[in-house]
Amino acid sequence: MILIPIIAVVIGAALALAMNVQPIPGLGGQYLAVACLAGLDTICGGIRSGLEGKFRNDVFFSGFLSNVLIALLLVWFGDQIFINLYIAIALILGARIFTNLSLIRRYVLTRIQDARERAKLQRTMVVQPTAQPEINP
């Protein structure tokens, strides 16, 4: 279940490379970049919540749509008042993506370390039988 978003990102990147997609100039490129960052932030959050056992489809899909729409509206609003808000939004979303990725990394590394320690503990318990207490009459 966790691999689905990762596989989707890889397939999307492969399709973009195969189709030789060119950069979108102007405001359309800025809007698309911010929408992609908002979507990637939501995907990283979904992977993190899935690893933590808290993933819910309805929260993920509503969060995905609302994050993308809010980011696009903020960029549009910034364009209306002649402030480049897309830079601030890109910084914030980038920071959130890195935070989620660091938490995912830490969670995965902790699970791997715990599994190694359990395996080591099981090996030591098999090798060393428990000593029987001596009974002195």
field: Single residue of 92, 43 found to be aliphatic (A, V, I, L, M) and open to solvent by less than 90 Å² (accessible area, probe 1.4 Å)
entry: 43
- prompt: Is one or more of the residues making up region 59-73 in contact with a Phe, Trp or Tyr (Cβ under 7 Å, 6 or more places away or on another chain) and at pLDDT 90 or above?
  reply: yes
message: With outside any loop (DSSP other than H, G, I, E, B), closer than 26 Å to residue 104 by Cβ, touching a Gly at 6+ places or on another chain (Cβ under 9 Å) and touching a residue at least 40 places away in the same chain (Cβ under 8 Å) as the only criterion, which of 45, 50 stands out?
response: 45
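Would you point out the residue of region 18-34, among those that are closer than 21 Å to residue 69 by Cα and of a type outside the set (A, V, I, L, M), that is most open to solvent (accessible area, probe 1.4 Å)?
Of region 18-34, the ones closer than 21 Å to residue 69 by Cα are 24-34.
Checking the rest, the ones that are also of a type outside the set (A, V, I, L, M) come to 25-26, 28-31.
Values: 25: 112, 26: 53, 28: 38, 29: 19, 30: 48, 31: 56 Å².
The extreme case among them is 25.
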query: Checking residue 15 against (1) aliphatic (A, V, I, L, M); (2) surrounded by fewer than 11 Cβ atoms within 10 Å (Cβ to Cβ); (3) within 17 Å of the chain's Cα centre (by Cα), which single condition isn't satisfied?
result: (3)
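Please enumerate the residues belonging to region 53-74 that are outside any helix (DSSP H, G or I) and open to solvent by 90 Å² or more (accessible area, probe 1.4 Å). Working first, answer last.
Pass one, region 53-74, residues outside any helix (DSSP H, G or I): 53-56.
Listed by number, the residues that qualify are 54, 56.
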- request: Give region 75-87 a look and list any residue that's closer than 12 Å to residue 37 by Cα and exposed (fewer than 14 other Cβ atoms within 10 Å of the Cβ), or say none.
  value: 87
All positions within region 9-40 that are within 15 Å of residue 86 (Cα to Cα) and in contact (Cβ under 8 Å) with a residue 12 or more places away in the chain: 27, 30, 31, 33, 34, 35, 37, 38, 39
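The values are calculated or read from the model by the stated rules, or taken from the named source; none is laboratory data. For clarity, every value in this text was computed on a predicted model and none was experimentally measured. Cβ: placed from backbone, ideal geometry, glycine included. Neighbour counts: every protein chain shown. Areas reflect the complete protein model, heavy atoms only, side chains present, ligands, DNA and RNA absent. Shrake-Rupley method; radii C 1.70, N 1.55, O 1.52, S 1.80 Å.
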